[in-house]
Every structure is written in C-alpha cells, then in structure tokens.
1. Looking at region 59-69, can you tell me whether even one residue there is part of a helix (DSSP H, G or I), more than 21 Å from residue 40 (Cβ to Cβ), more than 17 Å from the chain's Cα centre (by Cα) and at pLDDT 95 or above?
2. Kindly establish whether residue 78 is in the same structural domain as residue 94 (by TED's automatic domain parsing), modelled with pLDDT of 95 or more and either more than 15 Å from the chain's Cα centre (by Cα) or closer than 30 Å to residue 109 by Cβ (or both).
3. Determine if region 96-107 includes at least one residue that is in a helix (DSSP H, G or I) and either within 22 Å of residue 27 (Cα to Cα) or at pLDDT below 90 (or both).
4. How many residues does region 1-26 contain that are closer than 16 Å to residue 85 by Cβ and touching a helix residue (DSSP H, G or I) at 6+ places or on another chain (Cβ under 7 Å)?
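The values are calculated or read from the model by the stated rules, or taken from the named source; none is laboratory data. Given the structure is predicted, the values throughout are model-derived calculations rather than measurements. When we count neighbours, we look across all protein chains shown, and the Cβ atoms used for this are built from the backbone with ideal geometry, even at glycine.
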C-alpha cells in the first residue's frame, strides 16, 4: 500500500526522469496513478498461490496464477481496451482486485491442510 501511495504521489516527478514532452507526461502520470491502485492487490494472489504450493495442492495454485490471467485479466484488457488507453490502464487494477477475490475464494474452499488431527496417546498404551 505504501508503494502504491508513493507511485501515485510521485508519478509526475518519476515520469519527469524519463519523459520531457508535456503530452506524454500527462498520459504517463495518469497511467501510473491508475496502475498504482492495483499494487494494493497485486501481492495477495501470489501469496495464496504459494501457500497452496506449500500444501502440495497444485490445482488451486495453478488456477490463481494462470487461471486469473487467462480468465480474468486478459479478457478485461480486451474488453476495456475498446475505451482506449485509459480503459486498458483501468482494467489492470480491476483484474488484480478480481484475482484477490478469486484467490480468497479458493483459499476458503481448499485452504485447509490435509493433515489428520494429532491424538493424545491413551493412558497405559505402549508406544
């Protein structure tokens, strides 16, 4: 969240390091500020995906990493891209937010470890 805020607040000075044309600067600043919103969400799906990998559950991990890209993000870019560059920029944070919801749903449904509860030995039982 801090990175997103810094990018949004410092979009103009950061852009000025690379671009001097005022029109290009304006477009780039707008793009950076919109994309920065997605930074708030961007780390959550990979974290949940890694959690599933640590549990040995490849399918939910795959659905989060590849599935959200193919099912959510790419179609959003194509659909909102019809509204021009701003539509493309807006599709990125929206796609990240939807990926978080999808990853959280998979975590809710499949996120419990497959271990059996540890039972205390019965008194007098030999080991």
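1. So far as region 59-69 goes, no, none of its residues is part of a helix (DSSP H, G or I), more than 21 Å from residue 40 (Cβ to Cβ), more than 17 Å from the chain's Cα centre (by Cα) and at pLDDT 95 or above.
2. Yes; evaluated as a whole, the condition is true for this residue.
3. Yes, there is a match, as at least one residue in region 96-107 is in a helix (DSSP H, G or I) and either within 22 Å of residue 27 (Cα to Cα) or at pLDDT below 90 (or both).
4. Within region 1-26, residues that are closer than 16 Å to residue 85 by Cβ and touching a helix residue (DSSP H, G or I) at 6+ places or on another chain (Cβ under 7 Å) number 4.
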